[in-house]
Amino acid sequence: MPVPPSPAVLRACDVLDHLATNPEDAFSVSEVARSVRLPRASCDSVLLALAQRGLVQRDVDRRYSLGPACRALGEAAQVAGAPLTSLEPVAEELARATATCVAIASCAHNHTRVERVYDHGPAFGLRTRVGESVPLVPPFGAVFVAWDGDAAIDGWLNRAGAVLGDAERAHTVAALGAARRRGYTVSVSGVHPDLLRVLEDLADHTPDAAHLDARDALIREISPREYLPVTVADDGPQRVNQMSAPVFDAAGTVPYALMVLGPSYELSAEEVEALGARLLAAARTATERLGGHHP
């Protein structure tokens with residue numbers, strides 16, 4: 001059973017978020033309580049705890065604003081986000097050049113997460129949102145494991161459990177090999193609208209057990225054979241869901257990926273290859289900016 005987030009921590013985050021939205025102002029306890037919809041007594045307790053740690057400060061009129069400890073956190077976050085910052089111009093340029101929606105995705109703790117989105121796509125093209133996250137379970141996250149060793153790939157495949165039969169497993173391994181040869185992964189089957197809605201809800205709100213269970217159940221229904229092809233068929237146009245290319249770090253691992261969301265129209269095999277070439281060039285530039293190298 002998933003462990004629920006701490007209500008007290010969530011309340012403290014709401015208070016800090018309100019103060020960060022108005023960094024030049026100071027607020028009374030009552031004003032903060034009304035803004036974040038907390039009982040005054042609970043808000044007072046939260047503010048006192050934050051003040052004790054220097055995250056907020058109280059002036060002589062008992063009004064609160066952000067404290068000096070937030071500066072240290074901000075500087076640390078800026079350092080941690082430096083790699084992403086170096087990739088942003090590359091993703092923005094790719095989105096403009098291809099008239100698509102491009103995302104920078106990361107992978108940590110067996111989940112992938114959308115970190116940045118640059119939307120220059122058509123009105124009815126596919127889109128994603130910052131914060132959307134899915135478990136690293138086949139067929140999702142292939143770009144993060146395709147260049148790993150056999151043990152890591154086996155671990156990824158095993159997360160699918162009994163749902164991934166022998167034939168599906170063999171197909172997925174072949175699709176990963178094809179991705180390594182071409183330099184990027186391609187997904188050609190649309191994602192179920194219900195899954196898209198659940199991912200949006202999870203990005204907007206604190207995750208709860210019901211939404212997480214719904215997400216995982218919908219993911220299990222997706223066939224790797226349909227979603228992750230070995231080859232892009234050249235017998236006619238088809239709808240591309242997304243294409244992803246790895247961004248390597250100095251250790252030769254894949255902390256980030258550039259993801260191009262498919263346009264609202266079908267693409268021929270030649271058009272898929274041309275879009276893939278642009279994506280691959282951008283990913284190589286991103287790897288250079290990150291100080292990385294292809295293993």
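The values are calculated or read from the model by the stated rules, or taken from the named source; none is laboratory data. For clarity, every value in this text was computed on a predicted model and none was experimentally measured. Every residue, glycine as well, gets a Cβ built from its backbone with ideal geometry; the counts of neighbours run over all protein chains shown. Calculation scope for accessible area: heavy atoms of the full protein, side chains included, ligands and nucleic acids excluded. Shrake-Rupley method; radii C 1.70, N 1.55, O 1.52, S 1.80 Å.
Couple of notes before you dig in:
- Candidate set: the range 47-83, residues that are open to solvent by 100 Å² or more (accessible area, probe 1.4 Å), within 30 Å of Ala286 (Cβ to Cβ) and hydrophobic (A, V, I, L, M, F, W, C); chosen: the one modelled with the lowest pLDDT: Val79
- Residues satisfying the stated conditions in the range 43-62, i.e. on the phi < 0 side of the Ramachandran plot, of a type outside the set (Asp, Glu) and either without any contact (Cβ under 8 Å) to a residue 24 or more places away in the chain or in contact with a strand residue (DSSP E or B) (Cβ under 6 Å, 6 or more places away or on another chain) (or both): Ser45, Leu47, Leu48, Leu50, Ala51, Gln52, Arg53, Val56, Gln57, Arg58, Val60
- Matching option when the condition is under 23 Å from the mean Cα position of the chain (by Cα) and either surrounded by fewer than 21 Cβ atoms within 10 Å (Cβ to Cβ) or at pLDDT 90 or above (or both), among Leu267, Leu258, Leu228: Leu258
- Close contacts from the range 84-95, counting a first residue that is touching a residue at least 24 places away in the same chain (Cβ under 8 Å) and closer than 12 Å to Ala282 by Cβ and a second that is in a helix (DSSP H, G or I) and among the charged types (D, E, K, R), with Cβ to Cβ under 8 Å and a gap of 6+ residues or different chains, come to Leu87/Arg289; Val90/Arg289; Leu94/Arg278.
- Residues located in the range 25-38, provided they are surrounded by fewer than 16 Cβ atoms within 10 Å (Cβ to Cβ) and either in contact with a helix residue (DSSP H, G or I) (Cβ under 7 Å, 6 or more places away or on another chain) or touching a residue at least 40 places away in the same chain (Cβ under 8 Å) (or both): Asp25, Ser30
- Once the range 270-285 is narrowed to residues that are under 22 Å from the mean Cα position of the chain (by Cα) and modelled with pLDDT under 95, the residue that is most open to solvent (accessible area, probe 1.4 Å) is Leu275.
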